[in-house]
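**Q** Before we start, here is the structure in question, set down as structure tokens.
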Amino acid sequence: MRINLIDQLAAKGKIFTFKEAQKVLGSDYSKTKIILSRLERNGWIERIEKGKYMIVPLGAEKGKYTLNEFIIGAMLISPYAIAYWSALNFYNFTEQIPNTVFIQTTARKKNQSATIFGVNYKFVRVKESKFFGICREWIEETQINITDKEKTIVDCLDKPQYSGGIIEVAKALKNGKFDMGKLTIYANKIGNSGVIRRMGFLCDFFGIEIRLPQIKTKNYLYLDPTMPKNGQKNAKWRLIVNLDEKILGDIE
């Protein structure tokens, strides 16, 4: 029974849910719970969170094996997409390794953060209209949802606090290769003029050609809301540039 269950679940992937195990066993809730508890106690499986498990390979030391954090993140909420700083790092747009996995979702979750196997996860809930630009990528023989390169930039400009600040986005814009048409469409679709303003300023600064709508509002906002609230005003993009432009100029 034990080997048969593990084999059948492993055929579907490295992770599984309580309901999937119950379906394979053809047993009721109580019996399934007992069997899974024994498997966990003997080191065959590891509980990720309530009702979600991963299979521990033969020879792995109990309590020391884990999966890639993106694969685990994919189990924690649905719908989901690995996003923000985590996506920047995945695409090698930043050399900084975030100590948190950022997951974008439209779903409600009781706790907006979680720590699993020593890794911190942050769930960022957005409106349905902002949940787009998602692609599938392979991680250790498992496909996960992640924002594409252009949506990653737009998301980070929408919520710089989850991207490591504007500097990390600026590095990506300067050095990355993007579909500028898609980037423009996404910037308009996200529904936040702050994205257009920040993108416009950075593209101007780096000499990147992009067509963005003219800013009509008289209100100003900060280039980087994570930085101190002072700086020079940029009238074209209605921004308070609260970041030393020399730092931007030194980006390689």
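**Q** Which one is nearest to T184 (Cα to Cα) among residues in region 221-238 that are touching a helix residue (DSSP H, G or I) at 6+ places or on another chain (Cβ under 9 Å) and part of a loop (DSSP other than H, G, I, E, B)?
**A** Applying the filter and picking the extreme gives W237.
**Q** Give the residue, chosen from I185, I167, that is touching a residue at least 40 places away in the same chain (Cβ under 8 Å), touching an Asp or Glu at 6+ places or on another chain (Cβ under 9 Å) and β-branched (V, I, T).
**A** Checking each option against the conditions leaves just I167.
**Q** Are any of the residues in region 170-186 in contact with a Leu (Cβ under 7 Å, 6 or more places away or on another chain) and not in a helix (DSSP H, G or I)?
**A** The answer is no, given that none of the residues of region 170-186 is in contact with a Leu (Cβ under 7 Å, 6 or more places away or on another chain) and not in a helix (DSSP H, G or I).
**Q** Would you mind finding the one in G176, G164 that is surrounded by fewer than 19 Cβ atoms within 10 Å (Cβ to Cβ) and within 14 Å of L88 (Cβ to Cβ)?
**A** The unique qualifying residue is G176.
**Q** Say whether the condition of being at pLDDT 95 or above and in contact with a Ser or Thr (Cβ under 8 Å, 6 or more places away or on another chain) is met by at least one residue in region 174-184.
**A** Taking every residue of region 174-184 in turn, none turns out to be at pLDDT 95 or above and in contact with a Ser or Thr (Cβ under 8 Å, 6 or more places away or on another chain).
**Q** All but one of (1) in a strand (DSSP E or B); (2) on the phi > 0 side of the Ramachandran plot hold for I48; which doesn't?
**A** Unmet for I48, out of (1) in a strand (DSSP E or B); (2) on the phi > 0 side of the Ramachandran plot: (2).
**Q** For region 71-97, which residues satisfy the criterion of being under 19 Å from I153 (Cα atoms) and under 11 Å from the mean Cα position of the chain (by Cα)?
**A** If the condition is that a residue be under 19 Å from I153 (Cα atoms) and under 11 Å from the mean Cα position of the chain (by Cα), then Y80, A81, I82, A83, Y84, W85, S86, A87, L88, N89, F90 are the ones that fit.
Matching residues to (1) exposed (fewer than 14 other Cβ atoms within 10 Å of the Cβ); (2) in a helix (DSSP H, G or I); (3) in contact (Cβ under 8 Å) with a residue 60 or more places away in the chain; (4) under 28 Å from the mean Cα position of the chain (by Cα):
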residue: N4; (1), (2), (3), (4): yes, yes, no, no
residue: Q8; (1), (2), (3), (4): no, yes, no, no
residue: F16; (1), (2), (3), (4): no, no, no, yes
residue: Q22; (1), (2), (3), (4): no, yes, no, no
residue: S30; (1), (2), (3), (4): yes, yes, no, no
residue: S37; (1), (2), (3), (4): yes, yes, no, no
residue: E40; (1), (2), (3), (4): no, yes, no, no
residue: L58; (1), (2), (3), (4): yes, no, no, no
residue: G63; (1), (2), (3), (4): yes, no, no, yes
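**Q** Another question, if that's okay. Being aliphatic (A, V, I, L, M), exposed (fewer than 15 other Cβ atoms within 10 Å of the Cβ), modelled with pLDDT under 95 and not in a helix (DSSP H, G or I): is that true of L67 here?
**A** When the stated conditions are applied, L67 does not pass them.
**Q** Also: Of everything in region 178-201 that's hydrophobic (A, V, I, L, M, F, W, C) and touching a helix residue (DSSP H, G or I) at 6+ places or on another chain (Cβ under 7 Å), which residue is nearest to T217 (Cα to Cα)?
**A** In this case the residue turns out to be I196.
**Q** Still on this model: Being at pLDDT below 95 and of a type in the set (A, V, I, L, M, F, W, C) narrows it down to one of L223, L157, L248, so name that one.
**A** L248
**Q** Can you tell me which residues in region 42-52 are farther than 12 Å from F117 by Cα and surrounded by 10 or more Cβ atoms within 10 Å (Cβ to Cβ)?
**A** N42, G43, W44, I45, G51, K52
The values are calculated or read from the model by the stated rules, or taken from the named source; none is laboratory data. Everything quoted here is computed from the prediction, not taken from an experiment. A quick note on method: Cβ atoms are made from the backbone with ideal geometry, for glycine too, and the neighbour counts reach across all protein chains shown.
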